[in-house]
Amino acid sequence: MGAYFSEIFRGLQSLAIGLGITFKEFFKPVVTVPYPYETIKMSERFRGHIELIENEDGTPKCVACGMCQRACPSGCISLASKSVKYEVEVKGEMKTKKKKVLTTYDLNFTTCSLCGQCVESCNFDAITFSKEYNLASDRKEDFHFDLLNRLEERNS
Amino acid sequence: MSGPIHIQPGETFILNVGPQHPATHGVLRVKMEMDGEYIVKAETVLGYIHRMHELMGENRTYPQVLPNLSRLDYLGALGYTHGHVLAVERASGIEVPERAEYIRVITVELNRVASHLFWFGAFVMDLGGFTPLMYAIEDREYILDMLEAVTGSRLTYCYYRFGGLYNDIDDEFIDRARAFIPRMRKSLKKYDALVTGNIIFRKRLEGIGPISAEMCRKYGATGPVARGSGINFDVRKNEPYSVYPEFDFDVPVYDECDSLARYYVRMEEMEQSLRIIEQGLDKLPEGPIMPKKKPKLIKPPVGDYYQAVETARGSFGIRIVSDGTKNAYRFKLRSPTYSNMSLFDEACEGMMIMDALALMGSLDLVIPEIDR
């Protein structure tokens, strides 16, 4: 009989201790952020979707070698290029050379798993992670990013 | 219009437990044959989010599989990637710098604490207490922020590389990790007072949901489930890998075999993980995080390789059969929760349904990892 009552007493005591803890927590500072009105700045290494990096003259650094395309596990990068002839001065002579120029760089963000293998595989530091994370849409097409277009928009 | 269903004495009915919508993340269905509130027979139904990770491992090159491994278990992702990189490193003979190994251990243990914290919150919520989940998530958030600053993402890290790491840690990370240890110890005391002592919590777990050591051996259960049944098995101690032999930590083992024992094991494991992190931060050597010599294309020599690691849920094994090409010939994943869950059918026979749900909570199931 005594054990029965002491158990009831200890049980009530344990509940009171728990309530004491929750009461103390009540006066602690708020840790959450009222999201749409206030956002948290992403850390420097945050891996968002990829963006092209530009040279000083505004053209993309990308040389269209296709390493990112091959490294991507989900096959979400597709790029195209054309070869352009240009003249360069070598030892006082004008010579025509060919180089590849990026014409399209499409990222299908719907299948991207944000692993970062493309950025790592790039030998020219031509792509980086965007810090954008407020991406929401009800249309699939909104996540087919034309990165070359985005670069031009950023420059203009 | 049909009237209420009258069940005759001795008649049983089938109860389906669990969401089945494929878009939700934890889709486990349990078909229970019920006699009133007692379970006569239970059958777990799997495969709702099967994603063929093993087959993907055979179709992709070794580095391309890396992001897949963190999608097995979204709560303790680093442990699984650790297993994969260790297996491939062993297969192709890549040497890992010591600093990288230490950082791997520190981050894996942080991830283990985060995983156990979430389990703690979810488990108490299964039993009807909502508040501890909020406190646990607050502490877990601290770890996630810390790991995000280093790895770049919050859940699916993809941080380890063959031979080393993706990024080095900075002083800010070390300071935050050092500040985290006393904070977490204080929180563990708080959880102890709030939950462990609680009479309702104890009455629902003490002596309920027995899983014997024989049953664990029969189904191959590992991790906290086996250690709560008195089996002293921890891959970190029994088959040491990485730099774990250099750390001083204990493996908590309880003989009670009930749901409360499994709870105790996990709570104590968090303390032990904090000890490992503390020692790791003290011992952290300087140096590179990637080896100087590393093959550009990873092509392990022909052979059969196996590597087991202790993740937050138990022993995770990865078997790679290589035929010398850049893709694996066979990529087999042995996931701990698959074995831990398979004993549920036998363990819950004859139990009341709410006790069975408490037992299921104490198994710490992560469904994407079962279905793979």
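The residues on offer are B:GLY79, B:GLY163, and the sole one that is touching an Asp or Glu at 6+ places or on another chain (Cβ under 9 Å), on the phi > 0 side of the Ramachandran plot and surrounded by 21 or more Cβ atoms within 10 Å (Cβ to Cβ) is B:GLY163. Quick check on this structure: which one of B:VAL105, B:VAL45, B:VAL40, B:VAL30 is at pLDDT 80 or above, closer than 30 Å to B:LEU281 by Cβ and more than 14 Å from chain A (Cβ to nearest Cβ)? That would be B:VAL105, the only listed residue that is at pLDDT 80 or above, closer than 30 Å to B:LEU281 by Cβ and more than 14 Å from chain A (Cβ to nearest Cβ). When A:PHE46, A:PHE143, A:PHE129, A:PHE124 are screened for being under 28 Å from B:TYR159 (Cβ atoms), modelled with pLDDT under 85 and in contact with a Gly (Cβ under 6 Å, 6 or more places away or on another chain), only A:PHE46 passes.
Residues in the stretch A:104-148 that are closer than 19 Å to B:LEU165 by Cβ and over 13 Å from the mean Cα position of the chain (by Cα): A:GLU120, A:SER121, A:CYS122. Of B:GLU148, B:GLU172, all but one fail to be within 12 Å of chain A (Cβ to nearest Cβ) and under 21 Å from the mean Cα position of the chain (by Cα); the exception is B:GLU148. Free of Cβ contacts under 8 Å to residues at least 12 places away in the same chain, more than 25 Å from B:SER187 (Cβ to Cβ) and away from chain B (no Cβ under 14 Å) - does that describe any residue in the stretch A:37-53? The answer is yes, given that some residue of the stretch A:37-53 is free of Cβ contacts under 8 Å to residues at least 12 places away in the same chain, more than 25 Å from B:SER187 (Cβ to Cβ) and away from chain B (no Cβ under 14 Å).
The requirement of being among the β-branched types (Val, Ile, Thr), in contact with an Asp or Glu (Cβ under 8 Å, 6 or more places away or on another chain) and assigned to a loop (DSSP other than H, G, I, E, B) is not satisfied by B:ILE298. Inspect the stretch A:81-101 for any residue being assigned by TED's automatic domain parsing to the domain that holds A:CYS62, without any contact (Cβ under 8 Å) to a residue 60 or more places away in the chain and in contact with a helix residue (DSSP H, G or I) (Cβ under 7 Å, 6 or more places away or on another chain) and give the result as yes or no. No; the residues of the stretch A:81-101 include none that is assigned by TED's automatic domain parsing to the domain that holds A:CYS62, without any contact (Cβ under 8 Å) to a residue 60 or more places away in the chain and in contact with a helix residue (DSSP H, G or I) (Cβ under 7 Å, 6 or more places away or on another chain). Just one of the listed residues (B:ASP139, B:ASP126, B:ASP145, B:ASP73) is over 24 Å from B:ARG319 (Cβ atoms) and at pLDDT below 85, namely B:ASP126. For the stretch A:1-35, a tally of residues being surrounded by 10 or more Cβ atoms within 10 Å (Cβ to Cβ) and either in a loop (DSSP other than H, G, I, E, B) or acidic (Asp, Glu) (or both) returns 4. Flag: B:VAL124 matches the condition of being within 14 Å of chain A (Cβ to nearest Cβ) and among the hydrophobic types (A, V, I, L, M, F, W, C). Please verify whether A:SER83 is more than 12 Å from chain B (Cβ to nearest Cβ), surrounded by fewer than 16 Cβ atoms within 10 Å (Cβ to Cβ) and within 30 Å of B:GLU58 (Cα to Cα), treating the condition exactly as stated. No. Residue selection: B:THR337 fails the criterion of being in a loop (DSSP other than H, G, I, E, B) and among the polar types (S, T, N, Q). Answer yes or no as to whether A:SER74 is farther than 30 Å from B:GLU172 by Cβ and free of Cβ contacts under 8 Å to residues at least 60 places away in the same chain. So A:SER74 passes the test.
The values are calculated or read from the model by the stated rules, or taken from the named source; none is laboratory data. Since we're looking at a predicted model, the values are computed, not measured. Positions of Cβ are backbone-derived with ideal geometry, glycine not excepted, and every protein chain shown enters the neighbour counts.
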